[in-house]
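First up is the structure itself, then whatever we jot down about it.
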Amino acid sequence: MKKVSILGSTGSIGTQALDVISRWPEEFSVCALAAGRNIDLLEEQIRAFRPQLASVAEERAALELRRRTADTPCRVVWGQEGLEEAASFPQADIALNALVGVAGLNPTIWALEAGKQLALANKESLVCAGEIVMDLAAQKGIRILPVDSEHSAIFQSLGNYPNSAIRRIWLTASGGPFFGRDWEELADVKAADALKHPNWSMGSKITVDSSTMMNKGFEVIEALWLFGLKPEQAEVVVHRESVLHSAVEFEDGCVIGQMSPPDMRLPIQYALTYPRRLPGNWPRLDLFSVGKLTFCPPDRQAFPCLALCEQAGRQGGDRGVVLNAANEMAVELFLQGKIGYRQIYQLCRQALDDNEFTPAPTRKQIFETDAKVRRQIRRLALAD
């Protein structure tokens, strides 16, 4: 039986991972859970999965959760120390990092330092610190298992071939809710509009990122690190049906891709069971119902955040840190109704222009830059 620690258990990926685990009680047990402030849902998860450890963000929430779960064997901890304990929990065979944002970077490192198999859904770990994370994984002899549907598709399509056999990868994008609109038509977009993704059910921050195509751009950077690729080897293609989740083009011209209905439980289960495959109790792909698949290039003029990410991927260094911090703060302000939709791009571009390039940031510098850029974006946005 594989023992799993889930970081971000009350979020979209975390709850779907627990749904997968609940279907295979003979295959998995949950030994640790980490969440933010949603102690109502976390209490339900503790009672359903009986972990040994649960971590929350704040002491007050931890004390309340302790009171509520006193009749269970679960030990409740909090803060960064609690999160580190969950990420490196001794009994865990695999840690699933489903945290959102740069807050997931330290847990990625803690899990790897503890020698844990890592299922990674936190793309910011690689966007902000790809070199640090991949070097540590190599030192520990750990293969990072991707959970994002696109990177899982590449991982599955690559099979046992070495990364050097790749000519390029095709990263598919749904196009989001604003496909077909031009830049001018996006001026009056509200948060409720951006949160209407046509195919996927995700958290609010990632859904907004999908609408701007920032999420796809971050996935490009993530793929470069995961698969040891050069920037020119990653191609984004808009595929509205979200059936082909990405593909690998090999040196001989053969293209192999992975297809399935848009359901995150499949890549989550594959990461948890790798290299095995277990039956999936969810809708299957019916090619007759799909009928046809369409592909077109992305519109980088209407969705310039994609180009910003591609620029950051080519430059390397701390560009991913700056761009991610600016975007996290800008999206937060947009969801709060404090800035307009197109200002997300404008603020991110300004952050890249205003911050001096650091070629090989340390872990300390990454967090210092992240904090500095967040302050800059808030000051710029609220000054307008």
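The values are calculated or read from the model by the stated rules, or taken from the named source; none is laboratory data. Computed from a predicted model, the values in this text were never measured in an experiment. Note that we place each Cβ from the backbone using ideal geometry, even for glycine, and neighbour counts take in every protein chain shown. With ligands, DNA and RNA removed, areas are computed over all heavy atoms of the protein, side chains included. Shrake-Rupley method; radii C 1.70, N 1.55, O 1.52, S 1.80 Å.
Scan the stretch 87-140 residue by residue and report those that are closer than 17 Å to residue 228 by Cβ, of a type in the set (Asp, Glu) and touching a residue at least 24 places away in the same chain (Cβ under 8 Å).
If the condition is that a residue be closer than 17 Å to residue 228 by Cβ, of a type in the set (Asp, Glu) and touching a residue at least 24 places away in the same chain (Cβ under 8 Å), then 131 is the only one that fits.
Might you let me know whether the stretch 372-383 holds any residue that is of a type in the set (Val, Ile, Thr), surrounded by 19 or more Cβ atoms within 10 Å (Cβ to Cβ) and out of contact with any Asp or Glu (no Cβ under 8 Å at 6 or more places or on another chain)?
yes
Considering only residues that are farther than 23 Å from residue 213 by Cα and open to solvent by less than 40 Å² (accessible area, probe 1.4 Å), which ones fall in the stretch 351-368?
361, 366
Is it the case that some residue within the stretch 306-321 is without any contact (Cβ under 8 Å) to a residue 24 or more places away in the chain and in contact with a strand residue (DSSP E or B) (Cβ under 9 Å, 6 or more places away or on another chain)?
Within the stretch 306-321 (the criterion being without any contact (Cβ under 8 Å) to a residue 24 or more places away in the chain and in contact with a strand residue (DSSP E or B) (Cβ under 9 Å, 6 or more places away or on another chain)), the answer is no, since none of the residues qualifies.
Please pick out the residue among 142, 169, 132, 154 that is modelled with pLDDT of 95 or more, surrounded by fewer than 20 Cβ atoms within 10 Å (Cβ to Cβ) and β-branched (Val, Ile, Thr).
142
Go through (1) open to solvent by 20 Å² or more (accessible area, probe 1.4 Å); (2) over 18 Å from residue 105 (Cβ atoms); (3) within 20 Å of the chain's Cα centre (by Cα); (4) not acidic (Asp, Glu) one by one and return the number of the condition residue 348 breaks.
(1)
Look at the stretch 329-384 and say how many of its residues are outside any loop (DSSP other than H, G, I, E, B), touching a residue at least 12 places away in the same chain (Cβ under 8 Å) and either within 26 Å of residue 181 (Cα to Cα) or touching a Lys or Arg at 6+ places or on another chain (Cβ under 6 Å) (or both).
17
Pick from the stretch 243-275 the residues that are β-branched (Val, Ile, Thr) and within 19 Å of residue 163 (Cβ to Cβ): which of them is surrounded by the most Cβ atoms within 10 Å (Cβ to Cβ)?
248
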